[in-house]
Amino acid sequence: MTPIERKESLLTDGKRIVFLGDSITDEGTFIAYVDAYVEQYRPDIPLTLINLGVSSETASGLTEADHPFPRPCIHDRLAMALQESKPDWVVVGYGMNDGIYAPFSIERFQAYQNGILTAIRMIHQSGAKAIVMTPPPFDPESMNVNVLLPDGQKDYSYKEPYARYNDVIRYYANWLLTLDSTAEEVVNIYDPLLQHREQEREINPVYRSGDGIHPNSDGHWVMARTLLSRLFHITLEQMPDFVEQPDNSQLYQLILQRQQLLGSAWKEHVGHTNPSKKEALPLELALRRGEEITKQIRMIAVKSQ
């Protein structure tokens with residue numbers, strides 16, 4: 001693969017980047033793709049990516065009635081996350097859960113706005129740069145049509161969402177795109193993912209982009225490619241081998257191992273209110289083991305040059 005790095009590339013020195021978000025961030029494939037690209041093609045750059053995504057989390061603090069537990073809110077842990085991780089940049093990715101899968105409500109939207117703006121302010125107060133990422137599009141065509149609900153229902157949830165919930169997500173994403181003078185960067189993943197989905201459905205009308213809420217691995221690559229372009233001004237001509245055949249890439253498998261090891265340790269070290277806790281090593285031990293994996297990754301990267 002031939003990467004094209006424009007002259008204004010920001011990938012010139014080490015950055016400590018923390019990712020905050022919901023289950024899409026928690027799953028973390030797009031972070032692993034970015035990590036793998038840097039390790040394979042720019043091993044000279046000491047980039048540290050910390051996945052602090054938590055499943056079910058919101059920026060708004062809202063929860064639908066049918067959710068099995070109160071949704072975690074980033075503001076339950078943001079101060080601790082910033083204090084402990086000491087980031088240079090923070091990527092904030094919320095929105096899919098914040099409308100609680102219901103028709104648009106000005107009260108819910110204002111709660112989301114307040115949550116995002118407060119997060120940006122706290123990130124700046126910590127001395128870090130704030131990178132806001134839009135939510136991905138909601139995709140009802142990837143869901144069972146029998147679970148989609150029309151207007152006028154009493155309750156909606158992630159299990160039985162509003163059929164036109166993507167209209168709500170589009171509204172939230174459009175507002176985030178106005179924050180380019182508030183945050184250091186606003187990364188629009190909504191439109192690239194929507195375009196990718198439409199292109200795939202021209203070829204295969206029954207293409208599933210994921211489960212309707214969470215993008216599939218193709219979608220995570222679109223997210224990673226967009227982040228590389230917007231944050232580091234890196235344009236890629238083709239999909240890397242580690243994306244096309246991840247099981248055949250020893251480097252990528254080690255990246256995944258390191259991400260899972262350190263992500264779990266960081267999340268439990270910082271703490272969160274999701275009742276499902278990850279099995280995790282104490283952070284100090286996880287960091288030491290992460291360094292051992294990094295040595296293996298670097299050896300493979302050097303051999304592949």
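Given the conditions (1) surrounded by fewer than 21 Cβ atoms within 10 Å (Cβ to Cβ); (2) under 16 Å from the mean Cα position of the chain (by Cα); (3) closer than 11 Å to TYR37 by Cβ, report the number of the one that LEU236 does not fulfil. Every listed condition holds for LEU236 apart from (2). Answer yes or no as to whether LEU228 is touching a helix residue (DSSP H, G or I) at 6+ places or on another chain (Cβ under 7 Å), hydrophobic (A, V, I, L, M, F, W, C) and over 16 Å from ILE31 (Cβ atoms). So LEU228 does not fit the description; no. Among the residues of the range 243-286, the ones that are under 20 Å from LEU82 (Cβ atoms) and loosely packed, with under 15 Cβ neighbours inside 10 Å come to 3 in all.
For residues that are over 13 Å from ASP22 (Cβ atoms) and free of Cβ contacts under 8 Å to residues at least 60 places away in the same chain, scanning just the range 62-81, find the one that is surrounded by the most Cβ atoms within 10 Å (Cβ to Cβ). Across the range 62-81, the extreme among qualifying residues is LEU78. Just to be sure I understand, how many residues within the range 141-152 are touching a residue at least 12 places away in the same chain (Cβ under 8 Å) and either assigned to a loop (DSSP other than H, G, I, E, B) or crowded, with 17+ Cβ neighbours inside 10 Å (or both)? Residues meeting the conditions: 6. Hey, does the range 122-137 have a residue that's outside any loop (DSSP other than H, G, I, E, B) and either at pLDDT below 95 or out of contact with any helix residue (DSSP H, G or I) (no Cβ under 8 Å at 6 or more places or on another chain) (or both)? Yes: the range 122-137 contains one or more residues that are outside any loop (DSSP other than H, G, I, E, B) and either at pLDDT below 95 or out of contact with any helix residue (DSSP H, G or I) (no Cβ under 8 Å at 6 or more places or on another chain) (or both).
Within the range 231-241, none of the residues are free of Cβ contacts under 8 Å to residues at least 12 places away in the same chain, of a type outside the set (Lys, Arg) and outside any loop (DSSP other than H, G, I, E, B).
Filtering the range 164-192 to residues that are surrounded by 19 or more Cβ atoms within 10 Å (Cβ to Cβ) and not in a helix (DSSP H, G or I) leaves ALA183, VAL186, VAL187, ILE189. Looking at the range 96-103, is at least one residue touching a residue at least 40 places away in the same chain (Cβ under 8 Å), part of a loop (DSSP other than H, G, I, E, B) and of a type in the set (D, E, K, R)? Among the residues of the range 96-103, at least one is touching a residue at least 40 places away in the same chain (Cβ under 8 Å), part of a loop (DSSP other than H, G, I, E, B) and of a type in the set (D, E, K, R), which makes the answer yes. Number of residues in the range 163-188 that are over 21 Å from ASN114 (Cα atoms) and either out of contact with any Pro (no Cβ under 7 Å at 6 or more places or on another chain) or in contact (Cβ under 8 Å) with a residue 60 or more places away in the chain (or both) equals 1. Looking across GLU57, GLU84, one residue alone is surrounded by fewer than 24 Cβ atoms within 10 Å (Cβ to Cβ), touching a helix residue (DSSP H, G or I) at 6+ places or on another chain (Cβ under 7 Å), of a type in the set (Asp, Glu) and under 24 Å from ALA280 (Cα atoms). It is GLU84.
The values are calculated or read from the model by the stated rules, or taken from the named source; none is laboratory data. Just so it is clear, the structure is predicted and the values come from calculations on it, not from any experiment. All Cβ positions, glycine included, derive from the backbone under ideal geometry; neighbour counts span all protein chains shown.
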